Amino acid sequence: AGERRVLFASKPTGCSAEAGCSGFGPPDPAADRHHVGELLHHIVNGGSTPTFPGAGRGVTRSTRKSDLSAGVLNATVSGCGAQPTTGLTAPSPAATALQNDLNAAASRGDRLFVVPPGSYCFNSHILLLRGARDLIVDASGATFWFTYGGALSIESCANVEWLGGVVDYDPPVYAQGYVTSTAQAGQGVWEAAFDPAYPLPDTSVGVFNYYATGNTKVAIFDPTTGQMRRSSDNAANAAINIWLQTSTALGYTAGDGGGACSPAVSILTSGRTGLQGTIGGEWCYSIPETATASFDPTAQAACEGYYVDPCCTDQTDPTSYLTGSCVGGCTACTYVEKSDDSWHCASGAEVVYGCPFAVYELATTGSGYLLTADPPQVGDPIAVFPRGYPHAVMVVACANVTLRGVAAYGSTNMGLLETGGQGGNTYVDSRVIPRPHSGHLISVNADGVHAVGSAIGPSVRQADVQFTGDDLLNITPRIMMVLAVNGDRLTVLDPGSHTSLLSTGDTLSIYQPPTGSESISSLYVGAVTLAAAPASTGQAEAQAVIDETEPGCATVTGSQTASYFQTKYVYTLTLDKAADFGVAICDLIQDVSKASYAPVVANSTFSSSYARAALIKCDAQLLSASTFGNSGGMWAGIETQWLEGSLAFGSIPAQLANLLDVALGSPWLNFQQGSGCSDLVLSGSTAEGVCPVVE
């Protein structure tokens, strides 16, 4: 019922003085648009230790009304309004008021904050909980709606529990449609028709303009399996990696929509499951247990959870039609009384029509292998998705935070990101999936669950992660790189804020960067001890060091070189004495005691990704009783390109116990940069044949 009410929500007014909204001025793209690598740097101010206010004992139940109201039929699914053509959008007054209440509760040190059930339009604004301690936030029954630039962020908090809530994006933050021509596929050029209910892949406006075109991916789906087309050879295709270069609008498909979208279509299809059949009163008979001798509310609810969208083969031009679009007309299933006083489920008489789809030519790179491995066909569903900050749900520089029952149904980047801080955080019953009953092809535009750079690893249990735009699961420490040696001073590159975990007296281990299949342990150089906390390097000095070292170290950081070699990521380490062994430029350096942090992933499902199923980069990591499938395999070992992983990887072997492999490719387990079977312990797994399985 709550979901149905959202469909009829009216557009809330923007945040303004006239609307009685305070605390927010006009959106500032320069302030809101961050790069992923800047996130932790911004939060902890260059490595300082977060401080927390004292805990009180108050309870706050926000009295703010949500953005639900009766209103116009042509509202978006959330009722929050259309995606901006350019720039960002402010939150609604209701969302602004909720943010203010949450700020006040955290400042007072309240123990409980209750979010009233309903929908809140945060749009391009980040819903922020900062500096809270010993607080429970009950958001069960709340949906937080965003567009690009918006997210939920929990920052510099300790002993906080967040219960429930949905993070969703409306309109979605990617394009979706179907392939209309493969004639130029050999040159990396595709034609596809895109659903106007989603952003169109036009790089001059909206989300595709806000984020760089060079960071936009393309996925093509097999309609018979519902999975992304990919090679079954993981060595060749750990990730699909088809990149959009340019897009050109070619016009619109034919259709019965008359050039305009029918408002009734989104109301009809949202929250219902589509049936491919014939409109005419009979098709909904196929729904089980909906024919009853007398009126039955259970049968009625089952019946009216469906709608009929006629099969594309009934259309005069099959290439102009996508099942689910209602271009050729569709109707609701209704529970009706027959002449003999019995009841049954049938398709209704009122037919509504969807919108003509917008046709684009897409110029891409990286699709050559797919033409041989799993050739796309006309009619295949296609998704085009950009990637950029922020992530749907972020836990930043926190300690002992628990998220329970939180769902992310969209994101311009990752679904759930943990970064920095003391860690020890717990995630229970997390869902990173396409919005149920939405017909969305993907959930988030990058990783599903990504935890990086905390001192103590997370616990992830009962997670459900599906259809992600990159890896499904990645839990990893961060690595620094030596840029200069000057006696008892080392200048290092630290884009992952490993320095924020370091303090006087810590021991740092130094390794040569791997160049082939040599084991990491064989590359150990020596250890040094910090005489003081790390400090940011002056900009002029940092730039001079970068200019000297970036060309030579690019062989280590690869495609991330330009992103990582920035002055804000350069730090100075003061040692208790000069190293009595040779330290070379581009060597890797890390406090391995804060990198082998024993994360646990259990009783979870990870399925269907654009890239890999899971990355195993930590010592003492435990993956157990979980299913992984329809992805580019599982990969063990560090990745210097991303400066990720434990430099002591394998000293305490990771454990893979009772895992179920569902179409993970061959081989299902893969190794990178010197790792091997000796770094893992496998037990009870159904995926065999790569490493010995311990009985």
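Sub-6 Å Cβ pairs linking a first residue in region 280-298 that is over 10 Å from residue 335 (Cβ atoms) to a second residue that is polar (S, T, N, Q), at least 6 apart or interchain, are 281/347; 283/347; 293/342, ordered by first then second residue.
With the condition kept exactly as written, say whether any residue in region 162-176 is at positive phi, part of a strand (DSSP E or B) and modelled with pLDDT of 95 or more. Looking for residues that are at positive phi, part of a strand (DSSP E or B) and modelled with pLDDT of 95 or more, one finds none in region 162-176, hence no.
When 507, 549, 537, 499 are checked against the criterion of being closer than 18 Å to residue 593 by Cβ, hydroxyl-bearing (Ser, Thr, Tyr) and surrounded by 14 or more Cβ atoms within 10 Å (Cβ to Cβ), 499 stands alone in meeting it. Listed by first and then second residue, the pairs with beta-carbon distance under 6 Å, at least 6 apart or on different chains, first residue in region 184-201 and among the aliphatic types (A, V, I, L, M), second in a loop (DSSP other than H, G, I, E, B), are 193/253; 193/357.
Residue-wise test of (1) surrounded by 21 or more Cβ atoms within 10 Å (Cβ to Cβ); (2) under 24 Å from residue 272 (Cβ atoms).
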{"position": "342", "(1), (2)": "no, yes"}
{"position": "348", "(1), (2)": "no, yes"}
{"position": "368", "(1), (2)": "no, no"}
{"position": "379", "(1), (2)": "no, yes"}
{"position": "390", "(1), (2)": "yes, no"}
{"position": "398", "(1), (2)": "yes, no"}
{"position": "418", "(1), (2)": "yes, no"}
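For region 143-159, residues that are part of a strand (DSSP E or B), surrounded by 23 or more Cβ atoms within 10 Å (Cβ to Cβ) and not acidic (Asp, Glu) total 7.
Look at residue 363 and say whether it is open to solvent by less than 20 Å² (accessible area, probe 1.4 Å) and either touching a strand residue (DSSP E or B) at 6+ places or on another chain (Cβ under 6 Å) or outside any loop (DSSP other than H, G, I, E, B) (or both). Against the criterion (open to solvent by less than 20 Å² (accessible area, probe 1.4 Å) and either touching a strand residue (DSSP E or B) at 6+ places or on another chain (Cβ under 6 Å) or outside any loop (DSSP other than H, G, I, E, B) (or both)), residue 363 does not qualify. Among residues of region 533-562 that are over 19 Å from residue 584 (Cβ atoms) and of a type outside the set (Lys, Arg), those with a Cβ under 7 angstrom from a residue that is outside any helix (DSSP H, G or I) and open to solvent by 40 Å² or more (accessible area, probe 1.4 Å), sequence gap 6+ or separate chain, pair up as 533/503; 533/504. Across region 462-491, the qualifying residues are those that are touching a helix residue (DSSP H, G or I) at 6+ places or on another chain (Cβ under 6 Å) and not β-branched (Val, Ile, Thr), and the one among them that is farthest from residue 575 (Cα to Cα) is 478. Note on region 510-534: residues that are open to solvent by less than 70 Å² (accessible area, probe 1.4 Å) and either in a helix (DSSP H, G or I) or in contact with a His (Cβ under 7 Å, 6 or more places away or on another chain) (or both) amount to 2. So, of the residues in region 422-448 that are open to solvent by less than 10 Å² (accessible area, probe 1.4 Å) and outside any loop (DSSP other than H, G, I, E, B), which turns out to be farthest from residue 159 (Cα to Cα)? The residue in question is 432.
If only residues of region 456-470 that are buried (at least 20 other Cβ atoms within 10 Å of the Cβ) and part of a loop (DSSP other than H, G, I, E, B) are counted, the one that is farthest from the chain's Cα centre (by Cα) is 457. A residue that is buried (at least 24 other Cβ atoms within 10 Å of the Cβ), of a type outside the set (A, V, I, L, M) and out of contact with any Phe, Trp or Tyr (no Cβ under 6 Å at 6 or more places or on another chain) occurs nowhere in region 680-695.
Of everything in region 104-142 that is in a loop (DSSP other than H, G, I, E, B) and touching a helix residue (DSSP H, G or I) at 6+ places or on another chain (Cβ under 8 Å), the residue that is nearest to residue 406 (Cα to Cα) is 141.
The number of residues in region 640-675 being open to solvent by less than 20 Å² (accessible area, probe 1.4 Å) and out of contact with any helix residue (DSSP H, G or I) (no Cβ under 8 Å at 6 or more places or on another chain) comes to 9. In this entry, residue 348 is excluded by the filter for residues that are at pLDDT below 95 and at positive phi. Pull up region 485-503, narrow it to residues that are in contact with a strand residue (DSSP E or B) (Cβ under 6 Å, 6 or more places away or on another chain) and of a type in the set (S, T, N, Q), then point me to the one that is nearest to residue 399 (Cα to Cα). By that ranking, first place goes to 499. For region 202-234, a residue qualifies if it is hydroxyl-bearing (Ser, Thr, Tyr), open to solvent by 50 Å² or more (accessible area, probe 1.4 Å) and touching a residue at least 40 places away in the same chain (Cβ under 8 Å), and exactly one does: 232. Hey, can you tell me all the residues within region 600-615 that are out of contact with any Asp or Glu (no Cβ under 8 Å at 6 or more places or on another chain), buried (at least 24 other Cβ atoms within 10 Å of the Cβ) and not aromatic (Phe, Trp, Tyr)? If the condition is that a residue be out of contact with any Asp or Glu (no Cβ under 8 Å at 6 or more places or on another chain), buried (at least 24 other Cβ atoms within 10 Å of the Cβ) and not aromatic (Phe, Trp, Tyr), then 601, 608 are the ones that fit.
The values are calculated or read from the model by the stated rules, or taken from the named source; none is laboratory data. Note that the structure is a prediction, hence the values are computed from the model and not measured. So basically every Cβ, Gly included, is an ideal-geometry build from the backbone, and we count neighbours across all protein chains shown. When the accessible area is computed, the model is the full protein with side chains, heavy atoms only, and any ligands, DNA or RNA have been set aside. Shrake-Rupley method; radii C 1.70, N 1.55, O 1.52, S 1.80 Å.
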